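Peer 1: Mind having a look at this structure? Questions to follow.
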Ligand SMILES: Cc1ncc(COP(=O)(O)O)c(C=O)c1O
C-alpha cells in the first residue's frame, strides 16, 4: 500500500515541506484521499483517545462527544484523570490497559509524546494512529506505517467526519467537496 | 478641482516581481464549476437538485443531549436562523470556495460584514489602519461609527508603503483596504500590504466587492480575511442585499496575545477557546457564534437564494462587464466633452500596472470620468440618459450612472467633495451587460444633448 502522506524525495522523514504554505493548512484537498478517511470511519468501532480531558471546554471533549453521537465507542486514556469518567466512559491510564480491540488511537498529546503512543498502539494491535489538528511527528508516523498501521496527522477526527458527511458545510466551511450524488460519503 | 482624476501619489517604487500569487487552497475544480456547484450538493431528503429556500427560523432537536451538544458547538447542526440556516450555509460555502478560503459567514449587507469582521478582531481601545480610498459609506462607518465602539483608525494610501508602515501602532490589530476601490478605481498593492501586515503579525482584511473573486483573489496575495458586499456583483442582478466575511485559515491567532477573543477562553461562550477548538476556521466560528449571534445582522434565506443563483453566472458576467466597461471607457476617453477617464484598464491610468498584476482579466466595470462642463454638465448627463439608470448602486446587470456632487456627496463643501473624489465634474458609472453599442449610443445622445 502506498503511503497516504505525500513524501518529499529529498527527505523521506519529512511528510510535508514546511515551506509549502498549503502544507500548513489542515483540510487541503489531496493530502489524504477521501477514500482513505472514509475507509477508516466505516471500519472503525472503537477509538482510544489519548489525552482525553474531563474539561467540557477542551477540544478532546468536543471530539469525544461528537464521535459518541456518531455511534463510536470512545475510551479515554489519561493517567492524570484515572478514577474519573468522561462522557460515561471510565478513564484508563495507558493504552496497554485496554482489554478490548482498539481500531483507532486518536492522539491529543504534544508531538514529542507521539513515539511512545505509537509503540503502545502497535503493541495493542490498533489499526490506525490519528494525530489531531496541529500534531505531527513524521518519524513516529514512519514507525507506525512500517508496522502496517495507517497514519493520519494534523487532522481532527470530528472535522474530517463533518467534511465527508457534508455537516461541516452547515457552518459555511469549505471542504472542497463537489458532488451531484444524493448520498454523502458518510452519515 | 484640478483635472487630475487619479488620486496621485509621488514616485512609486516598481512592483516587486518576486512576490507572485500562491493558490491559497488548492481545489480539484475550476472556478466556473465551483460557481455552480460549491456548497450545493443535492438536498438529501427530497433529492431537490438546486438549493431549496429554507424559509425557516428554527430546527427541531433529536433529544435533550443533541440540543445541548448543538448549543455547546460540539455537534454541527442548525438551531436558529440568526446563526445558521441551510440556504445561507450553501452560499457561505460557495463564496469560501470561490475565494479559496476555509470558511465564511454571510450577513445582511456589506456594512454588516465589515462590522462583524472588525468586532471579531478588535477590542475597545484597539486601532486599525484603513485605506483612504474606500466606498464613501465605508469611510463613514470606519471614521464615525467604529470610533464610538472604541476602535480608532488611521486612513492611508494603500499604495504607499512608507505611509502604511508609519500608521501602524502597538495597538493596531488589522489592515483594511478595497482591492479595487469604489469609485476611484485605485488598485491597492496587495502583496506589499500583505508583507507589511505579516511583518507586524496583523491580518490584512480586503474588501473584494468591486473585483469579485473572478477578477481578483486576495488570499493568493497573502490577505487573511476577505469581505464582500454581495449586493453588488456576486448577486449581480440588483435584487438582494447581502454581505460575507471569508477566512483564509492561514493566520495564527494564537501566536501572541493580541487576539484574545480567539486565543483565550471566551467568556461570551462559556470559556470556549475558538482558535484552539476549531483550528483554521476558528475565526469563522467566532464571527458566527458571537458576533452574528449578538449583533444580529442575519441574512434572509430568500436573499441567499437569489445571490446563489447570481453566482452561478458570475464568471460569464464578469467577463462581459469588463468587455463592456473597456468599450465605454475608450469611447469616453475620445469624447471632447469628457476631460478625463479614470479606468485602470486604460494604459495611462496610474493603477494600470497594478491592475495588470492583481486583476489580469480586467479592472472591473465601475469607474469615474470628468466632464469639461462641470456641475451643470453632470446634471444634464444623468438627466439626459434614457437606457442608463440614475441611481446609487453598482454591480447590476443594468448600467448605472450617478453624479455624486448632486446626490451622495451633496452635503459636503466643494473641498470635501474634491478630496473624496466626488468633485463637481465627476460622474460614476457601473457598466452593465446590455449591448455595448446601445450603452455608447445613449451616452452619446446625452453628452451631445
Ligand atoms: C466596495 C463596497 N464595500 C461595501 C459596501 C457596502 O455594502 P452594502 O451596501 O451591501 O452594505 C459597498 C456598497 O456600495 C461597496 O461598494
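Throughout, read-outs are computed from the coordinates displayed, never taken from laboratory work. Here the structure is a predicted model, which means the values were calculated and not measured. All Cβ positions, even for glycine, are placed from backbone atoms using ideal geometry, and neighbour counts span all protein chains on display.
Peer 1: Taking chain B as the reference, fit the longest principal axis to its C-alpha atoms, fit the long axis of helix B:86-99 to the helix C-alpha atoms, and give the angle between the two in degrees, 0 to 90, nearest 10.
Peer 2: The helix B:86-99 is inclined about 60 degrees to chain B.
Peer 1: Further question: How far is it, in nm, from the label point at residue B:435 to the one at residue B:406 when both lie 7 Å from their Cα along the line to the Cβ?
Peer 2: It works out to 2.9 nm between the two label points.
Peer 1: Quick one: B:31, A:159, fewest Cβ neighbours within 10 Å first, how do they rank?
Peer 2: B:31, A:159
Peer 1: Let me ask something additional. Enter the Cα centre distance for the pair the stretch B:97-112 and the stretch B:149-223, rounded to the nearest angstrom.
Peer 2: The stretch B:97-112 and the stretch B:149-223 have Cα centres spaced 17 Å from each other.
Peer 1: Hey, another quick one. Using a Förster radius of 60 Å, what is the FRET efficiency between residue A:73 and residue B:383 based on their Cβ-Cβ separation? Nearest 0.05, please.
Peer 2: Step by step, r from the Cβ atoms, then E = 0.20.
Peer 1: What angle do you read, to the nearest 10 degrees and between 0 and 90, between the alpha-carbon axis of helix B:190-199 and the longest principal axis of chain B?
Peer 2: 40 degrees
Peer 1: Next up: Give me the distance in nm between label points sitting 7 Å out from Cα along the Cα-to-Cβ direction at residue A:180 and residue A:127, one decimal.
Peer 2: 3.4 nm
Peer 1: With a cut-off of 8 Å between alpha carbons and a minimum separation of six or more residues, what is the relative contact order of chain B in percent?
Peer 2: Relative contact order of chain B: 17 percent.
Peer 1: Same structure, new question: Please report the relative contact order for the stretch B:207-332, taking Cα pairs under 8 Å with a sequence separation of at least 6, and give it as a percent rounded to a whole number.
Peer 2: Relative contact order for the stretch B:207-332 comes out at 23 percent.
Peer 1: Compute a Gaussian network model of chain B, connecting alpha carbons closer than 10 Å, and tell me which residue from B:109, B:138, B:430 fluctuates the most.
Peer 2: B:138
Peer 1: Which FRET efficiency value, to the nearest 0.05, is calculated for residue B:334 and residue B:123 with the Förster distance at 45 angstrom and r the Cβ-Cβ distance?
Peer 2: It comes to 0.30.
Peer 1: If one puts a single equal scatterer on every Cα of the protein assembly as shown and applies the Debye formula without solvent, what log₁₀ I(q)/I(0) results at q = 0.10, 0.12 Å⁻¹?
Peer 2: Rounded to two decimals, the profile gives -0.90, -1.21.
Peer 1: Which order results if B:308, B:295, B:346 are arranged by neighbouring Cβ count within 10 Å, fewest first?
Peer 2: The most exposed by this proxy come first: B:295, B:346, B:308.
Peer 1: Right, next: Taking Cα atoms, how many degrees apart are the long axis of helix B:436-448 and the longest axis of chain B, rounded to 10 and kept between 0 and 90?
Peer 2: Once rounded, one gets 50 degrees.
Peer 1: With springs only between Cα atoms under 10 Å, which of B:218, B:301, B:44 fluctuates most in a Gaussian network model of chain B?
Peer 2: With Cα springs under 10 Å in chain B, the top fluctuation among B:218, B:301, B:44 is at B:44.
Peer 1: Which ordering of A:177, B:132 is given by a fewest-first count of other beta-carbon atoms within 10 Å?
Peer 2: B:132, A:177
Peer 1: Follow-up. What do you get for Rg/Rh over the stretch A:33-171 if you use C-alpha atoms and the Kirkwood form of Rh?
Peer 2: 0.93
Peer 1: Given Cα pairs under 8 Å that are at least 6 residues apart, what percent is the relative contact order of the stretch B:205-258?
Peer 2: 32 percent
Peer 1: Given the peptides A:123-136, B:62-75, arrange them by the average over their residues of other C-beta atoms within 10 Å, most packed first.
Peer 2: By packing density, highest mean first, the sequence is A:123-136, B:62-75.
Peer 1: Label 7 Å along Cα→Cβ of residue A:55; the stretch A:122-147 residues with amide nitrogen under 19 Å?
Peer 2: Once the point is set 7 Å along Cα→Cβ of residue A:55, A:132-135 turn out to lie under 19 Å by backbone N, inside the stretch A:122-147.
Peer 1: Evaluate peptide B:86-92: per residue, the Cβ atoms of other protein chains within 10 Å of its Cβ; return the mean as an integer.
Peer 2: For peptide B:86-92, the averaged partner shielding equals 3.
Peer 1: Using a 10 angstrom cutoff on alpha carbons, build the Gaussian network for chain B and name the most mobile of B:226, B:431, B:290.
Peer 2: The residue with the greatest mean-square fluctuation here is B:290.
Peer 1: Would you calculate a helix-derived [θ] at 222 nm for chain B, using -39,500 (n - 2.57) for each DSSP H run of n ≥ 4 and dividing by the full residue count, to the nearest 500?
Peer 2: -9500 deg cm²/dmol
Peer 1: Next up: Taking the simple approach of a point 7 Å from Cα along Cα-to-Cβ for both residue B:80 and residue A:46, what is their distance in nm?
Peer 2: Reported label-point gap for residue B:80 and residue A:46 is 4.2 nm.
Peer 1: Along the Cα-to-Cβ line of residue B:257, 7 Å from the Cα, sits a label point; which residues in the stretch B:140-175 have backbone N less than 15 Å from it?
Peer 2: Under 15 Å, as judged by backbone N against the label point of residue B:257, lie B:171 of the stretch B:140-175.
Peer 1: Here's a follow-up. Need one value for B:270-283: mean number of C-beta atoms belonging to other chains within 10 Å of its residues' C-beta atoms.
Peer 2: So the per-residue partner count for this stretch is 5.
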